[in-house]
Each structure stands twice: as C-alpha cells, then as structure tokens.
Amino acid sequence: DPERMNEALQFDGFRLFVERAKQRGTDLRIDKASIPGICDLLFKLDGLPLAIEMAAGLTDVLSVREISQSIAECLDAPTGTGPEDVRQHTVSATIEWSRRLLTPEAQALLDRVSIFPNTWTLEGAGAVCLPGAGHAQVRDLARQLVDHSLLFTVRTRHDDLRFGLLQTTRQVIARRAGSQSELADSYLAYCQRLIDTARSYIDAGQESRAYELIEQDYETLVKALDLAFERAPEQCARMALALHSFWMSGTRLIEGRTWYERLSNREQIAPSTRVSVQIALSSLCILLGDNAGASRILVEAAETVRPIGGFELARVIGNLAVHRDRMGQYAEAKEGFELCCRLFGECGARREEAQSWLNLGVVKLRLNEPLSECAELYRRALICARSIGSASVEAKGCSCLAHLELKEGRLREALALNKQGLLLWLTDPNIPECNLAMLDLAEIFVRMESFEAAAKAFHIAERLEELSHAPLPSLHRDRLDTWGRLAKSHLSAADWRSGQRLVRSKGFQEVVTMAIRIVEAGETEDA
C-alpha cells in the first residue's frame, strides 16, 4: 500500500537498489509484494553501498528471493559498476583486503569471533576465542578490528558494550574460518556460565534481569544447544530446561517446543532429565493449544514421577490441572491445584506455590465459588510474589484482582490494577498472561462506552497473540470477540482499520506501553 511504499523510499539503501536495478534494464516491479523481499535482502547486506551495487547488478538474471537465498555466492560476484580499484571488484575482495591490513593476532581473533551468531561481549570473545589472553590484550585486538571497520559496536540500555560482525563480513570470514570445531568446548563452557548466571538471577527473584541476559545472548545460546545436541545430549537438555521459563514467557514458544520434542527422544539423556523435558514440553503444548499432545505427555510423565513425589510430581499435577481447566473440567482442575499448592509448599518452591494459588483462585471463580475466597488466594499470592521479587507472578496477581473488580462493576479499580500489572510486565514480560489483561481492558472500555479505547485493546490482544503464537483458549477468545464486535459496531470502518495499523509490526514493549497510555486516558476520562 502507499504507506509502505513511502516508508521504504525514505531509506537511501532502498532507493540505491531500485536505481541500480533500473540501470541494469530489469523489469523489477516495486510493489507491496516485492518490498518485504527487497528489505530483507538489504538487511542481509547491512545496507552497505558496495554490497547493494552487487545485488542490484544481479537482478537481470536472478529474482530478489534468489539473490537473498544465495547471498554467500553473490559476495563473489562482480559489482557490475566497473570500479578501477581491483580491491572493490567484489565485496569479498574488499573485506579480504581489509583483513590483510591486520596483525596476525587480530586476524586470528576476527576468524574466531565468527563463531558467535550475533553480538558478544569482550569477556565472551576472550573466554571463547583467546582463553589464554589477558583482558587488555583482547581489548586492544578488538579495538584494531573496530578501527578497520570489521567489527561494529553497540551499547545496551545499561551502557554495556557489545561487538558484532556485519552480515556480509560474517559470510566472508566464516568461509575462511571453517567448522571451528576446536572452539566448541570453550564456546559451550562460556554459554553454560551464561545460563548458570541467568538461573541464579531467577532463583534470586530477579527474573527480568535473567530474561534480559538471555535475550541479549539468545542466538548464542541456541547455537550452543545445536553444538551440545550431538556432543553432550545431557548438557543440551539441562541448558534447554534452564531456558524453560524464558520460553514460557511467550518468547519463541514454538522454538522451545521444537527443542523439547527433539530432546525427549534422546536415549543418551538420563531418565530423570527426560521426565523434566517432558514436563517442560507439556507446558508449552498447553500454551500453544495442543491439548491432545499435552495430555499424552502428562499421563506418561505422571506414571514415572508418582512413586518419586516432590517437586517434579507437583509440576506434573499442576500442568494436568491447567490442561483440565483448558478442557472445561473445572472440578478436576480445582482438585489438582489444591494438591500442587500443598506439594510446592512442602518443597519450599514459593514462586510455583504462589502461581498455584492464583490458578486455584481462577478455577474457583469458574465454579462460581465465593469471590472473597478467590480474592484471598490472589492477595496471598501477591504478598508471596512481592517477598520473593517475582514481577511476573505479581503482575498476574494484579490482573486476577482486576478481574474480580470488573465482575463487581468497579471499573475504576479494575483499570488501576490492570495498569499495575502492565507496568510489571514491561519489566518482566509474559505475553500470554498479559494478553488476558487486554481481554479485561476491552470489556472495561466497552462498559465505559469508550469504544475507541476498547477497539485498541482488542487490536493489542490480537497482536500479542500473533507475537507469542499462543492462541487464546476458546473461553477467552469468545469473550474477546464479543467485546471486539461491540466496539467495532460503534466505530467507522476507517477508524477500525486505523487501530489495526497502529499495532501492526509493533513489538511487545511498544504495544504494552500503548496499552498503559490507553488506561491512563481512561482513568482521566472516568475521573
């Protein structure tokens, strides 16, 4: 559409590609079908003018998709612009020329850091690539690579410096570096330390700090899983289990399920570890709406852990209860949550115990039991979550209490509690749980006759569902669709589409911030 065309044409790289392709006399069409593919190609080329010249010069013999798929081979293609300097005949030649200007030590570091699939820290470069070198030596070599424009640097919001390779540079260097099998052990050891650090943060109640660490090094950790899957399956399984709560937060649910499915059939993994993998897999299956798969896995896992008891049994019972809640078997779900509350309490697993209190309150509400009993469970969970510093459990507790206020018709109180939950989810994301708050917000705004705000909440809910790939259970989906239809009936078609465009392509942080602003506007209007 015109909006996307205008947005694309604002970028110099996009205009350069189109201009050079036309000079080649190609019939490349620039429209809504081709723009995403061109943008993807430019991303892979890092927007480098020389690389763009090269890619555009191939459009008379290859489609944009074919160029993008064979980018490594294209780096050796002539640019088609006929530069006099032989160093610029191809992108590969340019990068190789820059590399030869380095000292042998810097060349070795450049070849080795291509093992990192994304950005890395100076500490990571030293630990994996130069384990015998001192910090100062690694720092000076990295500075040489940055000075020659072979590495780029980026700062995190905490002002930590990270290093990275442009994709084009990575392609050329990776071919020279080969398999890098000699670095596998140091790479796995470094990633294990990252995971252990993240685990210590979670155990200390600092979930947001753990997830931020994992997010920064996620591609690095996934590559470690790939390396360990064949070399050390038990270590691979334990690393994947350490990522469970991160995956459960709605970040890359499908990828997490795929890993657990692969690991659940590995005979080299210890039986106790395999059971933990099955339990983790069942959690993701439930979130992804695969109730049949979750049921099959949980029945098998229950038989294995029942004689053992303890924490793993509580996890199985808890997941079975969640599954039964999803299937509408509320009485059985209530019984399961009551049992796992007791078992988690006996194990001293306070976070899981608090989560179970919330789940028990939710299912008691479905059974039309007294609201006061549900509220007591929610408040108990909130106190526990605050004492252990679990922002995600506290956020869910706020959301649960907000739902009770909504049922009682206290819309202003419901808005305030939902806002508390959203602010917490900004620091400690849990996309599926946050999405349930959007459902309540849509209903609140319809009842307040703020239909534009209700429509925005509806669109945000759909975007969150899209981001996590976790479909809302039918019970919640029916409610959301009801409030969405009511909001839509009070808006023009143009206003409805405008709301959809507002959230299109937005990330989790952006849409949650948007939701908070909508709530704040609603609070002002209500006052």
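Table for the structure above
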| item | result |
| --- | --- |
| Summed residue charge, Cβ within 14 Å of residue 157's Cβ, Lys/Arg positive, Asp/Glu negative | -1 |
| Percent carbon-and-sulfur accessible area, region 320-443, ignoring ligands, DNA and RNA, probe 1.4 Å | 49 |
| Full-stretch length increase - residue 416, residue 329 - with 0.36 nm per residue and alpha-carbon distance subtracted | 28.1 nm |
| Approximate shape of region 250-398 as ellipsoid semi-axes (Cα gyration tensor, √5λ), whole Å, largest first | 26, 16, 15 |
| Charge dipole (debye, nearest 20) of region 417-491; +1 at Cβ of Lys and Arg, -1 at Cβ of Asp and Glu | 160 |
| Accessible carbon and sulfur surface of region 250-302 relative to its total accessible area, %, 1.4 Å | 48 |
| Carbon + sulfur, % of accessible area of region 478-527 - ligands and nucleic acids excluded, 1.4 Å | 50 |
| Positive minus negative residues near residue 514 (Lys, Arg vs Asp, Glu; Cβ under 9 Å) | +2 |
| Residue-normalised accessible area of the chain, expressed per residue, 1.4 Å probe, Å² | 46 |
| Shape metrics for the chain, restricted to C-alpha atoms - Rg then Dmax, Å | 26.5, 83 |
| Loop GluC sites (Glu not before Pro), region 367-464, which have at most 15 other Cβ atoms in a 10 Å radius of their Cβ (DSSP) | 408, 449 |
| Within straight-line cross-link reach of residue 506, lysines at Cα separation under 29 Å, skipping those fewer than 8 residues along the same chain | 32, 44, 223, 396, 419, 456, 488 |
| Cβ charges +1 (Lys, Arg) and -1 (Asp, Glu), total dipole of the chain, debye | 180 |
| Highest-first arrangement of 123-131, 34-42, where packing means the average Cβ count within 10 Å | 123-131, 34-42 |
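The values are calculated or read from the model by the stated rules, or taken from the named source; none is laboratory data. Just so it is clear, the structure is predicted and the values come from calculations on it, not from any experiment. As a convention, Cβ positions derive from the backbone with ideal geometry for all residues, glycine included, and neighbour counts pool all protein chains shown. With ligands, DNA and RNA removed, areas are computed over all heavy atoms of the protein, side chains included. Shrake-Rupley method; radii C 1.70, N 1.55, O 1.52, S 1.80 Å.
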